[in-house]
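Notes to accompany the following structure.
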Amino acid sequence: MPRPRWAILAIAVLLLSSVPSTGAAEGRAVSCTTTDLGLLPGQFNIADQGCEQVALGSLVPGTVVEFDLSANTDFDLLVFRANALPVYANEQSYRSDIYWASETVFESLTGNARWHWTVPLDESETNWYVVLDNMAHTGDDGMGSQGGGTVTIDLDITFPATNYWTLHDGLVQLGVNSHQKLVDEDLLILDEGSQISISGIPMSGDADVFILTENQRLSYLDGNSPEFRVTGADLLMITAEGSTSVTIDETHANQPLYLYVDNEVGPTGGGDGQTDAALTVVVTLLPVLDATISGMDNMALDVGESITLSANNTPNLSDQINTAAHEWDLDADGTYELTRSWAEIEWDTPGNRTVNLRVHGVDERVDTVSVTYNVADQTPPLAIINGGTDLVRGYSEDFTLASSSTDNHLIAFEEWWVNGNLHTNASGTGNSFTHSFGTPGNHTVTLKSFDASGLSDSVMVTVTVTDRTPPQPGTIVGPSEMMVGEQGTWSLNANDPQSAGLTWTWDFDRSHDADGDGDSKNDVQATGSQVSWTFNKAGSHSITATVTNDAGMSTEEEISVHVEAEPVSASSTSEMVVYAFGALGLLVLAVGAFLFYQRFRQREAHDELIQAEAARRAAEDDESAREPDHSEQLSMFSRDSNDGSGGWSGSARGDDMADIAGVGAGYGAQVVTQTQPASAEDAELLAAFDDPVEEAPAFEPEPEVKAEPKPAPVARASVLSSGIELPGVLHDVAKREATAAAAVASPASVDPTPAPAPTVAAAPSPAPAPVQASSATTEVTGACNACGQRYAVDMPEGISEARIDCPKCSARNTIRR
């Protein structure tokens, strides 16, 4: 680090004090009277070879000192630092910058003079002295005034008020035909609106002061006269105190400017530079203080629009702003609530809104700016319907919509429009709307939302009204029982007030999926509200009718129809009970014979139908048609071990069993109980009821045996149209017992011809039904395995199993006790 000038000066003083002085006054010390600045007299009278010194006191660097004096004769004005004063007092050589302030030293000064001196900025704060010298010194090297008479000096020393923006304040001395750049150009890059003031206080010569741009400076340094310079920023041919001030315009702002003191020929109106020049030049700056808010590109703002304001565009090329002290009053209430260089703000209501910015200069100046924004609702609302934009509803089916519109300010009111017509309105938002349509097709519901500024928005919902209920059918009207091959007619009424057209389809076979779609109930076998159909197969059938409306919605109705095989002439019930009590018994026997004969005639008409049905069953099921062999017959019709009489007994239940079987009166199992041996005519009548399909074996009469009376009547059962098929063994036994009984009653009337056993076709059943048998009677009931038809038959005692053809569907079944 370089040593301060005062340190160098102190070292030099010590060195010089150790060296013997030479010259006329060798060995003689200079002694000057010291006067404090505050006690400065108006006039000094200094005798020949005398001196006075004035103590300026401790001065800080940059302090400006103004000297104003007049002298009747020449003298030397010297300015020393306190630590360099001994060099002068010891008659040592002092004419050096390390001892005195050469920029404010005048030797052989006379007359009137005023100038400024600024304590050098590179100095430390120290005491300074002004020496008024009227002596000849060894250390002055013969320069300056040497004395010779008394000098009278009027002296005034002051400290002018300094300006924060003083760029230069001091004495400038120029030789003939010379110039000097006075201010660093970096200090003269100025904001538009900043001011420069130039003052000149001449001491000698006629120097000029002016400001140049970069291009003008280059021309000037090339030897050209500065005819082109910054207009208004010059002082020419300064021979008297003067000043000028200029405001930097846009053309000269934001660029370096150059200030020169010139002692050359020109410019026009300036000095000629033919003598030395000495003058005080004071250059002061007043940077513009212009608080500026940026972010004002759009003065019309939307409600809720956020903007960022900044103070950073406030002019500050001269560092004139205290950037840490920006203040914001965002609501124009006079209180600056935010301190920083920027602010973010928005307003949620319309109106004129004012923002104030206050900036502080480093020189304690303050500037305030205000800006007013016109805040208005510029954004339309957003209409919102909750509940969907596309609805599907049925006729007169209610739907409810709700609004939740939004706006940057305020939703004033809303309107609900139905199919283009205003329906209702309500204030604000959050409103609900309930409605329904009674006509089909597409309908519209529109919500219009209006904000407080009159701006609006709308949103529409489409409501499609369609038939959403199936038809309402009645019940199917038509027969529930019919015969195979018989044509039936069924009808179904239906209504659907929401559909103009209805269609009917009919499926007559629920057990078969004709169209292969996996649904056996939707085969289209007939159409229309009334249809006819013929069933070709006996059994229970479900008819499904489907009614469909225009919307494709359907309803099904069903009816169950029982189809019987072609009817067989019903046999009348015949019962003949022969009592062994004389004429009354013979009368009953005659009546029974007549009834047997009547049934025989009916049976002949039905035999052909039975034979045809038997042939069909044989072709369908050989196994079912197979006759039981001899061993099967024996096991099926073994006598009941509990029957002590060794015969069969039973009771007549003809019409009752027909009712249970569902085939009508006269078509049932008949059992004849005999208490006396049958006559030959009876046997012949009984043989007529045997199955005509199967020829009974020729009856060979057995040798006549004398009949022995039995303790109880022997019962012989003959199954007639009930369909029980008796094995051949049973036929033989029955015949033998009939012959024996007839021989007891009337030996001469025995008919050796056996009667074949009748058969009735049976139909399959979905599930076998348990056989029910009464211990008190020979009646056995059951259900068909194929169609489920219930039936009842008389089975002779001692017989535990038989085969029977179903009276309804002709399927063959096995019946057991």
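The values are calculated or read from the model by the stated rules, or taken from the named source; none is laboratory data. Just so you know, these numbers come straight off a predicted model, no measurement behind them. Virtual Cβ from ideal backbone geometry, glycine too; neighbours counted across all protein chains shown.
A compact table of results
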read-out: Verdict on Ser458 being of a type in the set (S, T, N, Q) and in a loop (DSSP other than H, G, I, E, B); value: no
read-out: Pairs, first of a type outside the set (Ser, Thr, Tyr) in segment 509-523, second not in a loop (DSSP other than H, G, I, E, B), C-beta under 6 Å, six or more apart; value: Arg510/Ser542; Lys521/Asp507; Lys521/Thr544; Asp523/Asp507
read-out: Residues of segment 421-443 that turn out to be closer than 20 Å to Asp407 by Cα, assigned to a strand (DSSP E or B) and of a type in the set (Ser, Thr, Tyr), as a count; value: 2
read-out: Residue identified as under 24 Å from Glu564 (Cα atoms), touching a residue at least 12 places away in the same chain (Cβ under 8 Å) and either touching a Cys at 6+ places or on another chain (Cβ under 6 Å) or surrounded by 12 or more Cβ atoms within 10 Å (Cβ to Cβ) (or both) among Met460, Met482; value: Met482
read-out: Within segment 566-591, considering residues that are surrounded by 21 or more Cβ atoms within 10 Å (Cβ to Cβ) and closer than 30 Å to Glu481 by Cα, the one modelled with the highest pLDDT; value: Val568
read-out: Filtered residue count, segment 489-526, keeping only those that are surrounded by fewer than 19 Cβ atoms within 10 Å (Cβ to Cβ) and part of a loop (DSSP other than H, G, I, E, B); value: 20
read-out: Check on Gln92, part of a loop (DSSP other than H, G, I, E, B), crowded, with 17+ Cβ neighbours inside 10 Å and either assigned by TED's automatic domain parsing to the domain that holds Thr239 or without any contact (Cβ under 8 Å) to a residue 12 or more places away in the chain (or both); value: no
read-out: Subset of segment 532-559 [closer than 12 Å to Phe508 by Cα and of a type in the set (A, V, I, L, M, F, W, C)]; value: Trp533, Phe535, Ile543, Ala545, Ile559
read-out: Every residue from segment 414-450 that is over 14 Å from Met460 (Cβ atoms) and crowded, with 18+ Cβ neighbours inside 10 Å; value: Thr429, Asn431, Phe437, Phe450
read-out: Looking only at segment 102-126, and only at residues there that are touching an Asp or Glu at 6+ places or on another chain (Cβ under 9 Å) and in a loop (DSSP other than H, G, I, E, B), the one that is nearest to Glu241 (Cα to Cα); value: Val105
read-out: Only listed residue being within 30 Å of Tyr164 (Cβ to Cβ) and aliphatic (A, V, I, L, M), chosen from Leu69, Leu78; value: Leu69
read-out: Every residue from segment 324-373 that is closer than 30 Å to Ile411 by Cα and among the aliphatic types (A, V, I, L, M); value: Leu330, Ala332, Ala343, Ile345, Val355, Val371
read-out: Breaking point among (1) within 30 Å of Val461 (Cα to Cα); (2) over 36 Å from the mean Cα position of the chain (by Cα); (3) of a type in the set (Asp, Glu), for Asp331; value: (1)
read-out: Glu185 vs. criteria surrounded by fewer than 19 Cβ atoms within 10 Å (Cβ to Cβ), closer than 30 Å to Val246 by Cβ, touching a strand residue (DSSP E or B) at 6+ places or on another chain (Cβ under 8 Å) and among the charged types (D, E, K, R); value: yes
read-out: Output for segment 527-555, where each listed residue is of a type in the set (A, V, I, L, M) and part of a loop (DSSP other than H, G, I, E, B); value: Ala538, Ala551, Met553
read-out: Residue list for segment 140-188, filter: among the β-branched types (Val, Ile, Thr) and closer than 17 Å to Thr73 by Cβ; value: Thr150, Val151, Thr152, Ile153
read-out: Lone unmet requirement of (1) closer than 17 Å to Ala383 by Cβ; (2) in a loop (DSSP other than H, G, I, E, B) for Asp467; value: (1)
read-out: Restricting segment 527-539 to residues that are in contact (Cβ under 8 Å) with a residue 40 or more places away in the chain and surrounded by fewer than 17 Cβ atoms within 10 Å (Cβ to Cβ), the residue that is nearest to Gly501 (Cα to Cα); value: Gln530
read-out: Thr446 modelled with pLDDT of 95 or more and not in a loop (DSSP other than H, G, I, E, B); value: yes
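Results for (1) acidic (Asp, Glu); (2) in a loop (DSSP other than H, G, I, E, B); (3) outside the structural domain of Tyr258 (by TED's automatic domain parsing), shown as yes or no for each residue.
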| site | (1), (2), (3) |
| --- | --- |
| Gly271 | no, yes, no |
| Gln274 | no, yes, no |
| Val282 | no, no, no |
| Gly304 | no, yes, yes |
| Asn313 | no, yes, yes |
| Asn316 | no, yes, yes |
| Asp331 | yes, yes, yes |
| Gly334 | no, yes, yes |
